[in-house]
Every structure is written in structure tokens, then in C-alpha cells.
Amino acid sequence: MAETFRMIIDGRAVDARSGETAEVRNPANVDEVVGTVPKGDREDVRAAIRAAVAALEGSWWPRVYESRRRGKVLQRFAALVEAHKDRLARLLTREQGKIYRESVGELDSLINTFDYYAGYAGKIAGEVKYLRDNDSIIKVETRKQPIGLCAAILPFNFPVSLYAWKVAPALIAGNAVLIKPASTTPLTDIALTALLQEAGVPPGIASIVTGPASTVGDEILRHPAVKRIAFTGSTEVGRLVAQAASPALKHVTLELGGSDPTVVADDADLELATDTIVRFGRFRNAGQSCTSVKRVYVFAAVYERFVDLLAAKTAALRVGDGLDPQTDMGPLNNAQQREDVERFVADALARRATVVVGGQRLTEGPYARGYFFQPTVITDLPDDAALWREECFGPVLPVMPVRDLEEALGRANSTSYGLGAGLWSRSDSTIERFIEGIESGIVWINYKPLSVPETPFGGVKDSGHGRELGAEGLAEYLETKSIRKYVGKA
Ligand code: NAD
């Protein structure tokens, strides 16, 4: 049964002023309408902005001395999400496609992130010093203040964890947030924003507006009252965001696309490497992860054995509806995603590559009404193939043999992206050389592409700039005011 969802503006659940709505369908079965959402427009965004500005002027929320009180709201919210976790995880699977286990993982990541930033309550501190200026004593203070109204523009692939990465630090710092979810995945984000109101966020401080990027998104980018934009999405749209935000000199963080390489050295634990790459690397979220294993370079001495293990484990993955506990990989989120993936495979085939596993959409029986695609491994792929150069946002993994680490690094660094990168090796000198030479913001050594709130996340090159999570992620939501106060005569 399709549920009706409403935007949250000024603490209230509301329809679009136009009265228009849009459907959100289940990517595992497009005949199922999971929910309807308001089709908001510029006027709805302006209403949310007016409410935020009024709340920032009139409520206790942004005061520098109220961070303990804000921390309690964040804790209450985390507890509410914990209590509603099963319902929210099912909703996320039905709108996004990812398997239930991964949906629970996203909600756990959100809870951890709110818990982590709630821990900054009472600890957001500036600095005070006393100085002498000729015969005057002066007190100099750096005060950390909220920036004001911050926007969170979210992609479809991790609607929950990326919500937390933006909203939790913004709120503990005392800002207001205006959330714009992706058009295919707005439902769980609406449910979360409703729980924020229940947790005690004052009306207007956390709003969510649904609707087209061309109106809702554009208004958020251009409205002068929005002081900061945290954007996660494609590099192409990231460039538009940077341009639209520049006339008003808004603070912008851009978490953009990636084509993360993984290097497997000849001393790697091949069983563990292939298990991890298959379970948590390339095929998690049906390949729609920004930090992932998108290209693999394997030392020639172990290449054949690596490909055999990888192929067997990939072929064993069960594709299906994410709510079925037997399923290892769900559908892609939308038709466009699947078509993009097919273009990458067609490009590979045109260059006489070998499809070792998969390579095709699934269309029969239970797959007939969803955006399913087989987990795919490709070898013998020449250098000029799109899979080596562009971001493929789907379950397709190219593998190539390399002579040594220097060749691997050269190839790994050969794209315009620089988000994450992985290495499998037991040698300290290989590990240290890799960390030094790889052009990426994040590195995994003998581990899965893990993101945790304690440490910053972000890319270099065309993968964007600015950092989310950790202390650096909080700093992005605070303004520094530098104060000099005359104390008396020396
Ligand atoms: P997208 O760029 O198409 O959309 C992202 C968001 O921006 C959506 O909410 C969309 O509605 C909005 N948007 C689109 N055009 C806009 C405009 N002109 N003005 C304002 N808003 C606009 O990305 P997507 O397809 O939803 O997500 C996939 C991409 O996100 C991939 O490239 C992936 O690598 C990237 N991603 C990066 C990270 C990271 O942290 N670096 C994390 C997740 C996803």
C-alpha cells in the first residue's frame, strides 16, 4: 500500500503549495508505488527558508551556550531511530533497492554519527588569551559560532548515512538545515526529519523539501539566506553547484564521483581480499557506492588465482528483492542507472574484453519488473576502455594484471578522480609506498571501504573538496569570530 508522505516545513508536515505530488516506486518491482511525495517548488523552498531564518533569530537553538541542550536532542533522535529501525530499514530497501542488511547498516551508521556528534555537546570551544598592546591589556578571543542556514543536497545511493554526515554536525554546531533528498529516495529522509521534530528540534530548524532539482535544488543553491551547501552527488552536478553558489560566496563542500582503484600485491591474502571485494567492495548496494572497488590491478604472479577466486565468489551471489533474506544484491535504483551500466559493458565488449561472469540485465520471472543486473567481472580490457577512465555506478568490476607496485600506482592514478583507494599486501614497505603515492582522499589497507564518523571523509581531484565527518567535518559548520576586548591599563 502506497503511503502518503509530506514535506516538513516549520515543524509541520505539509503538502506542496501547488498540491502536486510524485510517486516513488520500488526498483525491485516498479508496479509497487511505495509512497507519494509532494512535488515542491521554489515557493515551498522559500517558506522553509523563512521558517529557518525566524527560528535562528527567535529560538534557543543557535545560542553558543546551548550545545549541551542540542546534544540531548541529537541523543533523543538517535534513540528514536533505534526504536524505529526495522520500519525505516524496510522503507529504505523498498525505495532504494539495497538489501535489508545494508539498510540496517545505513541506519546504524546514522545512529553512530549522531551519537558521535552529540559527544561534542559542551565541547565546542574557542580560545581566550590575554595580551599586552603597549600600555593596554587586551583579551583576545576566538569564538566558534554557527554559520546559519545550511543546505544538505543528497544523492540516491546512501540517503540515510549521508543525511547523518551533513545534518548531525550542522545541528550540534547550532545551525538550521534544509534537506533536499534525491527524487527517487525521499521517503526515509522524510521519516527521519519527522523524528527530528519529535526529538525536540525547534520548528523551522530542520526542514525537508521534495521536488525537482531544476526548481527546488536551484532555489536552494541561489537563495542568499542559505549560507552553506553540503552537496553529495555526481561531479557533473557538483560543478553546477559550485558555479551557482559562487556569486554569494557560499561555503560549499563537494563530495563527488569516484573510480576507486584497488591494488592486490603478490603477498596478499587472496581469499580475504576476494571475499571482501565481493561482499563489501564492488557489489554492495548493487555497485552504487561512491567509495568502492571499481577497478582492480593485480600483480601478475597471482593474477590467475585471483581472477578464479573472484569469479567463483561473484557467480555465487544471489540477486533479488532486497527484502528477501537470501538476497546478496538487489536491483539498481532506477532505469537510467541500469542503462549506464549496460553502456560500460557494451563498450568493453566492443573492445574484445572477456566477460568472466555476468554481463547482462536480468529480465525473467521475479526479475521482470525490476532494474536487475548480473554481478559482472571483466578481464582483457584495453587501456582506453570507459571502465578504466570513468565512474561506473553499478555491479561491474574490471581486473588487470600489473608488473609491480609502480605500474599499479601509475594506472591507479590515471583517472581524474581521487576519492578512495585500496591495497592488499602484507609488506610494510609496499603499504607505505602505496599510501604515499596514491592520489586519493581515503585509503584502505587490507580492509573494506569503511567510513566511520571518527575520521574525515572526502576526495581530491575531480572527487571534490572539503571534508565530512570527524572534527574537520564539524569545523565546516562553524564560523570563527575573532574578538579583541580592552581590559585595562598595564
Ligand atoms: P546527482 O548529482 O544526479 O544528484 C545528487 C543530488 O543533487 C540529488 O538530490 C539531485 O536532485 C540534486 N541535483 C541535481 N541537479 C541539481 C541542480 N542543478 N541543482 C541542485 N541540485 C541538483 O547524483 P546521484 O545520481 O543522485 O548520485 C550518484 C553520484 O553521487 C555518483 O557520482 C557518486 O559517486 C556520487 N556520490 C559521491 C559520494 C561522496 O561522498 N563522494 C557519496 C555518494 C555518492
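The values are calculated or read from the model by the stated rules, or taken from the named source; none is laboratory data. None of the values given here were measured: they were computed from a predicted structure. Glycine gets a Cβ as well: all are built from the backbone with ideal geometry, and neighbour counts include every protein chain shown. Please note that ligands, DNA and RNA were not included when accessible areas were found on the heavy atoms of the full protein model with its side chains. Shrake-Rupley method; radii C 1.70, N 1.55, O 1.52, S 1.80 Å.
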Can you name every residue in the range 26-53 that is touching a Gly at 6+ places or on another chain (Cβ under 9 Å), over 27 Å from Ile147 (Cα atoms) and buried (at least 19 other Cβ atoms within 10 Å of the Cβ)? Asn26, Pro27, Ala28, Val37, Pro38, Lys39
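Being surrounded by fewer than 20 Cβ atoms within 10 Å (Cβ to Cβ), among the small types (Gly, Ala, Ser) and free of Cβ contacts under 8 Å to residues at least 12 places away in the same chain: is that true of Ala490 here? Give the steps one after another, and end with the answer.
Details: surrounded by fewer than 20 Cβ atoms within 10 Å (Cβ to Cβ): yes; among the small types (Gly, Ala, Ser): yes; free of Cβ contacts under 8 Å to residues at least 12 places away in the same chain: no.
Spelling it out, it is not the case that Ala490 is surrounded by fewer than 20 Cβ atoms within 10 Å (Cβ to Cβ), among the small types (Gly, Ala, Ser) and free of Cβ contacts under 8 Å to residues at least 12 places away in the same chain.
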Could you list all residues from the range 114-128 that are open to solvent by 10 Å² or more (accessible area, probe 1.4 Å) and not hydrophobic (A, V, I, L, M, F, W, C)? Asp115, Tyr116, Gly119, Tyr120, Gly122, Lys123, Gly126, Glu127
Looking only at the range 249-264, count every residue that is under 28 Å from Ala408 (Cβ atoms) and assigned to a loop (DSSP other than H, G, I, E, B) and tell me the total. 5
I'd like to know if the range 190-209 contains one or more residues that are assigned to a loop (DSSP other than H, G, I, E, B), farther than 21 Å from Leu56 by Cα and out of contact with any Gly (no Cβ under 7 Å at 6 or more places or on another chain). no
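From Leu154, Leu149, Leu162, Leu131, which residue is open to solvent by 30 Å² or more (accessible area, probe 1.4 Å) and either touching a strand residue (DSSP E or B) at 6+ places or on another chain (Cβ under 8 Å) or farther than 24 Å from Thr193 by Cβ (or both)? Working first, answer last.
Values: Leu154 fails: open to solvent by 30 Å² or more (accessible area, probe 1.4 Å); Leu149 fails: open to solvent by 30 Å² or more (accessible area, probe 1.4 Å); Leu162 fails: open to solvent by 30 Å² or more (accessible area, probe 1.4 Å).
Sole residue among the options that is open to solvent by 30 Å² or more (accessible area, probe 1.4 Å) and either touching a strand residue (DSSP E or B) at 6+ places or on another chain (Cβ under 8 Å) or farther than 24 Å from Thr193 by Cβ (or both): Leu131.
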Residues (more than 10 Å from the ligand (Cβ to nearest atom), assigned to a helix (DSSP H, G or I) and under 29 Å from Ala248 (Cα atoms)) located in the range 149-188: Tyr163, Ala164, Lys166, Val167, Ala168, Pro169, Ala170, Leu171, Ile172
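Determine which member of the set Ile138, Ile111 is in a strand (DSSP E or B), open to solvent by 10 Å² or more (accessible area, probe 1.4 Å) and farther than 18 Å from Tyr477 by Cα.
Matching residue, one of Ile138, Ile111: Ile138.
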Single match in Pro382, Pro456, Pro449, Pro395 (criterion: of a type outside the set (Asp, Glu), touching a Phe, Trp or Tyr at 6+ places or on another chain (Cβ under 8 Å), over 13 Å from Asp260 (Cα atoms) and at pLDDT 95 or above): Pro395
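Look at Leu80 and say whether it is open to solvent by 10 Å² or more (accessible area, probe 1.4 Å) and in a helix (DSSP H, G or I). Show your work before the answer.
Details: open to solvent by 10 Å² or more (accessible area, probe 1.4 Å): yes; in a helix (DSSP H, G or I): yes.
Yes; evaluated as a whole, the condition is true for this residue.
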Starting from the range 229-253, take each residue that is in contact (Cβ under 8 Å) with a residue 12 or more places away in the chain and among the basic types (Lys, Arg) and list its partners that are open to solvent by less than 40 Å² (accessible area, probe 1.4 Å) and part of a strand (DSSP E or B), counting only C-beta distances under 8 angstrom and pairs at least six apart or across chains. Lys250/Val226; Lys250/Arg228; Lys250/Ile229
Can you find even one residue in the range 266-275 that is charged (D, E, K, R), within 16 Å of the ligand (Cβ to nearest atom) and open to solvent by 10 Å² or more (accessible area, probe 1.4 Å)? no
So Arg467 fits all but one of (1) under 26 Å from Met329 (Cα atoms); (2) within 12 Å of the ligand (Cβ to nearest atom); (3) not aliphatic (A, V, I, L, M); what number is the exception? (1)
Show the residue pairs meeting these rules: Cβ distance below 9 Å; 6+ apart or different chains; first residue within the range 64-91 and over 17 Å from Phe114 (Cα atoms); second residue aliphatic (A, V, I, L, M) and open to solvent by 40 Å² or more (accessible area, probe 1.4 Å). Val64/Ile124; Arg90/Leu323
Say we look at the range 54-63 and pick out the residues that are in contact (Cβ under 8 Å) with a residue 12 or more places away in the chain and surrounded by fewer than 16 Cβ atoms within 10 Å (Cβ to Cβ); which of these is nearest to Ile208 (Cα to Cα)? Ala54
The conditions are (1) surrounded by fewer than 18 Cβ atoms within 10 Å (Cβ to Cβ); (2) in contact (Cβ under 8 Å) with a residue 12 or more places away in the chain; (3) not small (Gly, Ala, Ser), and Met7 fails exactly one of them. Which is it? (1)
Taking the range 189-237 and the residues there that are near the ligand (Cβ under 10 Å from one of its atoms), hydrophobic (A, V, I, L, M, F, W, C) and surrounded by fewer than 22 Cβ atoms within 10 Å (Cβ to Cβ), the one that is farthest from Arg70 (Cα to Cα) would be Val237
Can you tell me which residue among Glu454, Glu407, Glu439, Glu479 is away from the ligand (no atom under 13 Å from the Cβ), open to solvent by 10 Å² or more (accessible area, probe 1.4 Å) and in a helix (DSSP H, G or I)? Glu407
